[in-house]
Amino acid sequence: MRPIGVETGVLITIIAVAAGWFGACGRQPDDSSAAKPVPGARSGFIRLSAEELARAGIEARPIVRGPHRVSREFPATIQANENELAEVTTLIRGRVVTVQVDVGADVKKGDLLALLHSTELGLAESAYVKAAARLHEADLAYRRAKDLHENKVVSLAEFLRREAEMKTAQAEARETRNRLELLGVSRREIERLDREGTIRSDVPLLAPFDGRVIMRNITRGEVVETHQKFFTVADLSEVWVIANVPEKDVEYIQKGQTVDIVAAAYPHALFQGAVTYIGDVLDAATRTLRVRVTAPNPEKRLKPEMFALVRVYAAPDADVLAVPLSAVQSGPTGKVVFVQRAPAEFEARTVRLGPEYGDVVVILDGLQDGEPVVTRGAFVLRSEMERHKIEPAP
């Protein structure tokens, strides 16, 4: 074999050096700052650099086992208490003379709301006064005939005629009085007619109880009919909150139960009430049940037609382990949470979930009491886990 000359050896050496240089240029530098599995650690561990940790904004807190109270929230509308609500109308057709109150006015029982003038009332009172006068005359004639008959001065036929006239006058007087009562005339006004005999055609519209005027539909000078509603007076010291409860949550509602009420107008205020009625029939379209909550309203802050939420609490579970929903991520084999092992080390842990209660979820298996769980920034850790194909710990 022919020996390799010096020139050839030098050429080979140059080629080898060049190949080594180009090979080194082709390799990527080792990025020791990127998130990666912890060398030598068991499966599921992730390590972040200081820069990545600060950028992710990760927060962790220990979870502890203890009682947990289940709550449910249902949309609701505030309404006036219908047991303390009155529509002010009239039984007599008339013309509006004056209106004394407006919407929002607080009134006492018997306060004048408006005054009507009614020709119909005048005619009815006139008929009553005339009937009362005829009755008085017939009664006197009957008494006189009775005395004369007992003294054998008038015949029995005359006495019976006077008695019949008196009974007819009594029937007419009762009829006209009943007519006044059907028109809504008070007993006091009828007694005044008996005493004075003067006719008044004014019809007062009075407040039925202490409350607030929440509706007015009357104007001075208009002619009103008996079917119209002029005022709505409500006692708003107690209101109804009508909630719609989905079928799946009916089990949480019980009559007499104390609940919390959050009005949309006062998002940071909390009102309380009691369940006073639970519907017997489910709404076929919405699959919800109507529930009524009666709530004290001494400051009149809750107003009819406001939107609200009714928050119901069930009996608390005595011993559960729960984490915020933000801590739970989807992993390759199920749900995953991240447990902080060191300031920059985290373990992906597969967990088995229980029921959700608002913004938390019960952990049935996979975590221990007191372990620090990542509650903020878990999505960043999941992305690193997927990028490096790290399998979560079972």
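Brief remarks on what is shown
- Enumerated strands (runs of 3 or more DSSP E) restricted to region 42-104, each holding at least 3 residues that are over 28 Å from Val320 (Cβ atoms) and open to solvent by less than 50 Å² (accessible area, probe 1.4 Å): 71-80, 94-99
- Qualifying residue in region 292-311 (condition: within 30 Å of Val373 (Cα to Cα), surrounded by 14 or more Cβ atoms within 10 Å (Cβ to Cβ) and in contact (Cβ under 8 Å) with a residue 60 or more places away in the chain): yes
- Taking the numbered list (1) open to solvent by less than 50 Å² (accessible area, probe 1.4 Å); (2) closer than 18 Å to Val103 by Cα; (3) of a type outside the set (Val, Ile, Thr) in turn, Arg220 passes all entries but (1).
- Residues in region 333-359 that are open to solvent by 30 Å² or more (accessible area, probe 1.4 Å) and touching a helix residue (DSSP H, G or I) at 6+ places or on another chain (Cβ under 8 Å): Pro343, Glu356, Asp359.
- Condition check for Arg174: without any contact (Cβ under 8 Å) to a residue 40 or more places away in the chain, within 30 Å of Leu121 (Cβ to Cβ) and not in a loop (DSSP other than H, G, I, E, B): yes
- Contacts under 8 angstrom Cβ, first residue in region 106-133 being over 15 Å from Val203 (Cα atoms), partner aromatic (Phe, Trp, Tyr) and modelled with pLDDT of 90 or more, 6 or more apart: Lys109/Phe209
- In region 194-208, the residues that are farther than 12 Å from Gly184 by Cβ and free of Cβ contacts under 8 Å to residues at least 24 places away in the same chain reach residues that are of a type outside the set (A, V, I, L, M) and surrounded by fewer than 18 Cβ atoms within 10 Å (Cβ to Cβ) with C-beta atoms within less than 9 angstrom, at least six apart or across chains, in these pairs: Thr198/Arg192.
Listed here are the residues, each with its yes/no results for (1) open to solvent by 100 Å² or more (accessible area, probe 1.4 Å); (2) closer than 18 Å to Gly197 by Cα; (3) assigned to a helix (DSSP H, G or I).
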position	(1), (2), (3)
Leu121	no, yes, yes
Ala124	no, yes, yes
His149	no, no, yes
Val154	no, no, no
Met166	no, no, yes
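- Candidates in region 168-182 are the residues that are touching a Leu at 6+ places or on another chain (Cβ under 8 Å) and open to solvent by 40 Å² or more (accessible area, probe 1.4 Å); of these, the one that is nearest to Val203 (Cα to Cα) is Leu182.
- Selection from region 373-392 of residues that are on the phi > 0 side of the Ramachandran plot and open to solvent by 50 Å² or more (accessible area, probe 1.4 Å): Lys389
The values are calculated or read from the model by the stated rules, or taken from the named source; none is laboratory data. Keep in mind it's a predicted model, so treat the numbers as computed, not measured. As a convention, Cβ positions derive from the backbone with ideal geometry for all residues, glycine included, and neighbour counts pool all protein chains shown. Heads up: the accessible areas ignore ligands, DNA and RNA and are worked out on the full protein's heavy atoms, side chains in. Shrake-Rupley method; radii C 1.70, N 1.55, O 1.52, S 1.80 Å.
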